[in-house]
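**Student:** Pasting a structure here, questions to come.
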There are 2 protein chains.
Amino acid sequence: MTDVDFCVVGAGFAGLTAALRLKQAGRSVAVLEARDRVGGRTFTVTRDDGLWIDRGGAWIGPGQDRIYALMQEFGVPEYKQHNDGDAMMVVDGKKHRYGGKLPWTMSPWAVANVGMGLMSVEQMCKSLPREAPWEAKEAAEWDRMSLGDWLERNVLSRPAREMLDMALAGPYTCAPAEVSMLWMLLQMASAGSSTIGGPSFVISGKGGAQDARPVGGMGAIYRPIVAHLGDALQLSQPVRQIGQDADGVTVRSDGLTVRAQRVIVTIPMAIAGSIDYEPMLPADRTLLNQRMPGGAIIKTSIIYDEAFWRADGLSGQSAAPGTPATLTIDACTDTGNPGIMCVITEGVAARQLARLDEADRKAAVVGQLVDRFGDKAARLLEYHEQNWTTERYSGGGMISHTPTGVLTEYGHALRAPCGRVHWAGTESSATMCGWVDGAIRSGERAASEVLAAVTETATAATT
Amino acid sequence: MTDVDFCVVGAGFAGLTAALRLKQAGRSVAVLEARDRVGGRTFTVTRDDGLWIDRGGAWIGPGQDRIYALMQEFGVPEYKQHNDGDAMMVVDGKKHRYGGKLPWTMSPWAVANVGMGLMSVEQMCKSLPREAPWEAKEAAEWDRMSLGDWLERNVLSRPAREMLDMALAGPYTCAPAEVSMLWMLLQMASAGSSTIGGPSFVISGKGGAQDARPVGGMGAIYRPIVAHLGDALQLSQPVRQIGQDADGVTVRSDGLTVRAQRVIVTIPMAIAGSIDYEPMLPADRTLLNQRMPGGAIIKTSIIYDEAFWRADGLSGQSAAPGTPATLTIDACTDTGNPGIMCVITEGVAARQLARLDEADRKAAVVGQLVDRFGDKAARLLEYHEQNWTTERYSGGGMISHTPTGVLTEYGHALRAPCGRVHWAGTESSATMCGWVDGAIRSGERAASEVLAAVTETATAATT
């Protein structure tokens with residue numbers, strides 16, 4: 001039995017940051033992490049020669065002030081994402097190479113459709129109260145509609161629908177029919193500044209969500225936190241039970257029992273729902289935990305001698321809806337050498353790809369790259385694949401979403417503490433929901449909550 | 001360590017029937033049930049004087065051949081539901097008393113809307129392939145639309161929408177915006193005969209889903225099965241882990257370890273998802289388990305000296321969308337004495353009602369009954385409430401649903417065995433999905449599956 005002020009469940013960025021802030025406030029903490037590694041849905045692997053690969057969340061951008069604050073705290077510099085050269089869009093097997101934000105060569109009709117779709121979404125985001133989108137005037141209407149349904153009714157060109165689906169629902173890595181329109185708007189709005197809002201941030205490389213990366217990858221940020229936490233962090237401890245009583249909480253993993261005043265649960269909803277809570281959580285939270293599934297995603301990092309696409313005038317960014325290489329993006333380190341190409345396979349395509357054996361999977365992905373970037377793409381040095389769908393303690397990737405009808409019914413339960421059980425995780429963040437920055441914000445918010453709660457209790461006891 | 005031919009997880013009707021059929025086939029079985037009782041989402045309480053109350057699933061109807069077969073097997077007679085007298089519909093606080101199927105006094109416009117809505121649904125059901133509705137020509141269209149969205153777009157009268165919501169989405173006990181149109185159609189179609197299909201069965205008392213009840217309640221059927229199973233049934237054994245290897249499965253609860261050739265998991269998806277599978281289930285099943293939430297429902301049984309509403313020419317059936325007594329129905333035993341009124345509180349109303357303390361909850365429900373049935377409704381003898389939402393091992397009630405986009409993506413995983421792990425439960429039944437009869441069918445289907453699998457293995461071994 002370990003006795004501490006606070007317990008934190010999960011050592012992704014939400015949990016690590018919460019624990020860091022609590023320790024910095026002079027409190028004792030125990031962090032229980034189910035895996036044998038930290039990072040959650042980020043995961044940086046560093047080779048002996050110093051080359052690093054981000055196998056999970058990797059990019060950062062303007063407005064993500066809290067991750068920049070952590071980077072400053074630990075002296076981690078950023079470097080800009082390689083964005084020079086043309087991008088590529090593959091529609092029905094045909095490649096469209098383009099500069100700027102939209103593939104004008106595709107078809108003026110399709111591109112106009114994409115533009116109008118984005119403008120509509122931008123407009124809807126503007127009226128959304130960020131802290132409580134479920135209270136928007138149009139919330140009921142937007143929440144009973146799936147993104148797939150909205151696209152079908154409002155965007156006439158099929159290639160345009162596919163592009164918008166990838167742009168708007170990419171992070172959920174599932175069919176657009178699964179995602180509530182209101183949830184998509186929530187996430188888009190959470191990424192904008194208070195005046196602009198909307199999807200431009202999400203779809204933009206430069207100045208957007210793929211603007212830059214930390215030198216050394218996400219691991220360069222989480223490793224110093226781990227060092228700071230010392231033996232407060234316990235790996236390979238999947239939490240099975242959380243009990244609460246009048247005086248505190250008892251958190252049990254397979255090997256440890258932690259007694260604390262309060263606990264912060266930072267793991268994805270679908271996984272949080274499999275913990276045994278004693279007494280049970282309030283009905284709204286229990287039902288919400290059943291209602292925020294993860295998606296299917298495989299992230300593959302392929303190492304080449306050099307970033308040959310750059311010499312060919314290509315940025316390395318490409319999109320091909322429904323294929324085994326749904327998205328590609330240049331993922332070189334700050335030195336630009338060797339060449340690292342990141343391939344993201346999403347949704348249905350990821351589930352299909354996962355059913356193949358490893359050799360066939362590799363052939364399918366590399367085949368796509370050869371088709372897009374030429375024969376040089378076949379001459380790879382290393383192939384690293386990370387199937388987030390089968391990460392037991394992530395419950396899928398990239399992030400969770402709400403299906404239709406859930407936010408208007410249960411949105412209020414996203415952040416509300418249940419007695420001594422508090423919640424963090426990027427999905428609970430009103431700002432930068434779905435990004436690493438949102439995870440960090442949620443951890444800091446939850447740390448403030450538990451600190452305020454014990455201060456109130458202490459004050460009440462002395463008056 | 002118990003060594004048996006087959007293990008069954010859950011002792012609701014699906015699990016009990018599966019185990020019964022396996023024992024009858026001469027196999028050894030271990031049934032692990034998490035609760036200290038059997039019955040799952042059915043639960044019959046019998047007083048010392050013999051009076052019984054069904055606190056969960058209760059009614060049966062034509063076409064439910066497999067529950068009738070079990071009743072015949074164990075000599076349980078049926079009795080017809082009391083259906084004489086007028087029903088009542090409460091809209092915006094105004095009571096409409098009516099005979100027949102629809103409240104014509106309400107407003108011809110609203111009633112016409114209800115009729116047209118039901119006809120549309122009936123029509124859609126006809127083209128649905130019952131075993132695989134996700135393969136229907138219109139599947140993608142119907143699955144990306146929520147029932148709430150469909151009602152909003154196709155039914156112009158608000159009271160009509162509310163009535164249709166109750167009729168069509170009642171069993172999911174959540175907002176209509178949460179339910180995929182295709183799932184609702186699947187359930188409706190599963191209830192009809194192969195030629196008619198559709199919602200008439202669901203909304204009908206006489207000749208429909210509330211046509212009759214077993215004398216003695218559901219317990220009169222499950223108790224003889226329990227007796228037959230003897231010590232093969234183990235209560236208070238929540239299963240935490242299911243491992244499978246080349247030779248069999250290892251099922252671990254808090255207190256027991258069972259080794260078997262195969263296991264049948266019969267518990268609701270949201271609960272099945274919290275078991276630790278080793279190795280992990282295939283991605284499609286893992287993700288499906290995250291995508292079939294339960295709803296909120298409180299079922300209250302109120303005992304009176306006599307069924308006073310009958311003397312007043314009322315059937316006892318009433319519907320009042322959004323109120324603490326969403327539905328009422330005469331729930332007397334076969335003797336008709338004493339009077340038992342069943343009150344069902346669904347969805348948002350159930351979650352609101354659950355937040356009150358017990359006295360206020362009782363006052364709210366009884367207040368509704370007084371308003372509908374007069375002062376006699378206040379003179380109650382006993383008040384029994386069953387909040388299925390907080391049943392830890394049901395994960396909510398009445399049954400699970402799929403949100404939009406799930407059936408077309410994951411429907412194929414509803415029944416597909418995952419190696420040595422087989423699936424049952426009413427939601428997995430292509431016929432009478434959502435009823436006790438569907439649970440029984442699913443248990444019998446899963447029992448056939450595991451028997452066939454070991455026969456194949458035995459044959460392969462000898463040839």
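The values are calculated or read from the model by the stated rules, or taken from the named source; none is laboratory data. These numbers come from a predicted model, not from an experiment. Neighbour counts run over all protein chains shown; Cβ positions are idealised from the backbone, glycine included.
**Student:** Please enumerate the residues belonging to the stretch A:141-179 that are outside any helix (DSSP H, G or I), over 19 Å from B:Trp142 (Cβ atoms) and either out of contact with any Leu (no Cβ under 9 Å at 6 or more places or on another chain) or at the interface with chain B (Cβ under 8 Å from one of its Cβ atoms) (or both).
**Tutor:** Scanning the stretch A:141-179 gives A:Leu156, A:Ser157, A:Thr173.
**Student:** Right, here's the next one. Before we move on, is B:Thr300 touching an Asp or Glu at 6+ places or on another chain (Cβ under 7 Å), closer than 30 Å to B:Val31 by Cα, away from chain A (no Cβ under 14 Å) and buried (at least 24 other Cβ atoms within 10 Å of the Cβ)?
**Tutor:** The answer is yes for B:Thr300.
Each row is one residue, and each column tells you yes or no for (1) in contact with a Cys (Cβ under 9 Å, 6 or more places away or on another chain); (2) touching a residue at least 12 places away in the same chain (Cβ under 8 Å).
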residue	(1), (2)
B:Pro324	no, yes
B:Ile329	yes, yes
B:Thr345	no, yes
B:Ala349	no, yes
B:Leu353	no, yes
B:Leu356	no, no
B:Ala364	no, yes
B:Ala377	no, yes
B:His384	no, yes
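**Student:** Can you tell me which of A:Thr300, A:Thr335 is free of Cβ contacts under 8 Å to residues at least 24 places away in the same chain, within 28 Å of A:Val38 (Cα to Cα) and not assigned by the TED database to the domain that holds A:Asp36?
**Tutor:** None of the other options fit; the residue is A:Thr335.
**Student:** Return a yes/no flag: does the stretch B:441-455 have any residue that is free of Cβ contacts under 8 Å to residues at least 24 places away in the same chain and in contact with a Ser or Thr (Cβ under 9 Å, 6 or more places away or on another chain).
**Tutor:** No, the stretch B:441-455 contains no residue that is free of Cβ contacts under 8 Å to residues at least 24 places away in the same chain and in contact with a Ser or Thr (Cβ under 9 Å, 6 or more places away or on another chain).
**Student:** OK, next. Among the residues of the stretch A:412-430, is any within 14 Å of chain B (Cβ to nearest Cβ) and of a type in the set (S, T, N, Q)?
**Tutor:** no
**Student:** Going by the structure shown, is B:Gly63 assigned to a loop (DSSP other than H, G, I, E, B) and within 18 Å of B:Ser315 (Cα to Cα)?
**Tutor:** For B:Gly63, the condition - assigned to a loop (DSSP other than H, G, I, E, B) and within 18 Å of B:Ser315 (Cα to Cα) - is not met.
**Student:** Suppose the filter is surrounded by 23 or more Cβ atoms within 10 Å (Cβ to Cβ) and over 21 Å from A:Val179 (Cβ atoms); does A:Ala260 pass it?
**Tutor:** The answer is yes for A:Ala260.
**Student:** Could you say whether any residue in the stretch A:2-25 is at pLDDT below 95, assigned to a strand (DSSP E or B) and of a type outside the set (A, V, I, L, M)?
**Tutor:** Yes, the stretch A:2-25 has at least one match.
**Student:** For the stretch A:387-411, enumerate the residues that are in contact with a Phe, Trp or Tyr (Cβ under 7 Å, 6 or more places away or on another chain) and closer than 18 Å to A:Ala136 by Cα.
**Tutor:** Within the stretch A:387-411, A:Thr402, A:Leu407, A:Thr408, A:Gly411 meet the criteria.
Per-residue answers, yes or no, for (1) at pLDDT 95 or above; (2) under 25 Å from A:Leu182 (Cβ atoms); (3) not assigned by the TED database to the domain that holds A:Met181:
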| site | (1), (2), (3) |
| --- | --- |
| A:Ile329 | yes, no, yes |
| A:Val348 | no, yes, yes |
| A:Ala359 | yes, no, yes |
| A:Arg372 | yes, no, yes |
| A:Ala377 | yes, no, yes |
| A:Thr408 | yes, yes, yes |
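For (1) under 24 Å from B:Ile242 (Cα atoms); (2) in the same structural domain as B:Ala452 (by the TED database); (3) under 20 Å from the mean Cα position of the chain (by Cα), each residue gets a yes or a no:
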residue	(1), (2), (3)
B:Leu16	yes, yes, yes
B:Asp49	no, no, no
B:Ile53	no, no, yes
B:Ala69	no, no, yes
B:Gln81	no, no, yes
B:Val90	no, no, no
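**Student:** All but one of (1) more than 30 Å from B:Arg355 (Cβ to Cβ); (2) facing another protein chain (nearest Cβ under 10 Å); (3) free of Cβ contacts under 8 Å to residues at least 24 places away in the same chain hold for A:Ala311; which doesn't?
**Tutor:** All conditions pass for A:Ala311, except number (2).
**Student:** I would also like to ask the following. Tell me the residue from A:Ile298, A:Ile302, A:Ile267, A:Ile221 that is touching a Phe, Trp or Tyr at 6+ places or on another chain (Cβ under 8 Å) and part of a loop (DSSP other than H, G, I, E, B), please.
**Tutor:** Answer to the selection: A:Ile267.
**Student:** Ok, one more. Name the single residue that is nearest to A:Gly192 (Cα to Cα) among those in the stretch A:425-452 being out of contact with any His (no Cβ under 8 Å at 6 or more places or on another chain) and of a type in the set (A, V, I, L, M).
**Tutor:** Among residues in the stretch A:425-452 that are out of contact with any His (no Cβ under 8 Å at 6 or more places or on another chain) and of a type in the set (A, V, I, L, M), the one nearest to A:Gly192 (Cα to Cα) is A:Met432.
**Student:** To continue, here is another question. Since B:Gly75 meets every condition but one in (1) over 20 Å from B:Thr426 (Cβ atoms); (2) surrounded by 21 or more Cβ atoms within 10 Å (Cβ to Cβ); (3) out of contact with any strand residue (DSSP E or B) (no Cβ under 6 Å at 6 or more places or on another chain); (4) among the small types (Gly, Ala, Ser), which condition does it not meet?
**Tutor:** Going through (1) over 20 Å from B:Thr426 (Cβ atoms); (2) surrounded by 21 or more Cβ atoms within 10 Å (Cβ to Cβ); (3) out of contact with any strand residue (DSSP E or B) (no Cβ under 6 Å at 6 or more places or on another chain); (4) among the small types (Gly, Ala, Ser) one by one, B:Gly75 breaks only (2).
**Student:** Same structure again: Which residues, counting only those in the stretch B:78-93, are modelled with pLDDT of 95 or more and crowded, with 22+ Cβ neighbours inside 10 Å?
**Tutor:** The answer is B:Gln81, and nothing else.
**Student:** Right, here's the next one. Quick one: B:Cys433 ticks every box in (1) surrounded by 21 or more Cβ atoms within 10 Å (Cβ to Cβ); (2) assigned to a loop (DSSP other than H, G, I, E, B); (3) within 14 Å of another protein chain (Cβ to nearest Cβ) except a single one, so which number is it?
**Tutor:** (3)
**Student:** Pick out the one residue from A:Thr44, A:Thr105 that is among the β-branched types (Val, Ile, Thr) and free of Cβ contacts under 8 Å to residues at least 40 places away in the same chain.
**Tutor:** Matching residue, one of A:Thr44, A:Thr105: A:Thr105.
**Student:** Could we say that A:Gly255 is in contact (Cβ under 8 Å) with a residue 12 or more places away in the chain and within 14 Å of chain B (Cβ to nearest Cβ) here?
**Tutor:** no
**Student:** Something else: Could you say whether any residue in the stretch B:190-206 is at pLDDT 90 or above, farther than 22 Å from A:Trp183 by Cβ and surrounded by 15 or more Cβ atoms within 10 Å (Cβ to Cβ)?
**Tutor:** Yes: one or more hits.
**Student:** So, one more: From the set of residues in the stretch B:280-295 that are free of Cβ contacts under 8 Å to residues at least 24 places away in the same chain and within 7 Å of chain A (Cβ to nearest Cβ), which is surrounded by the most Cβ atoms within 10 Å (Cβ to Cβ)?
**Tutor:** The extreme case among them is B:Gln290.
**Student:** So, A:Ala270, is that one of a type in the set (A, V, I, L, M) and farther than 17 Å from A:Arg35 by Cα or not?
**Tutor:** When the stated conditions are applied, A:Ala270 does not pass them.
**Student:** Counting only residues that are more than 10 Å from chain B (Cβ to nearest Cβ) and over 21 Å from the mean Cα position of the chain (by Cα), which one in the stretch A:378-411 is nearest to B:Asp149 (Cα to Cα)?
**Tutor:** Looking at the filtered set, the residue picked out is A:Tyr383.
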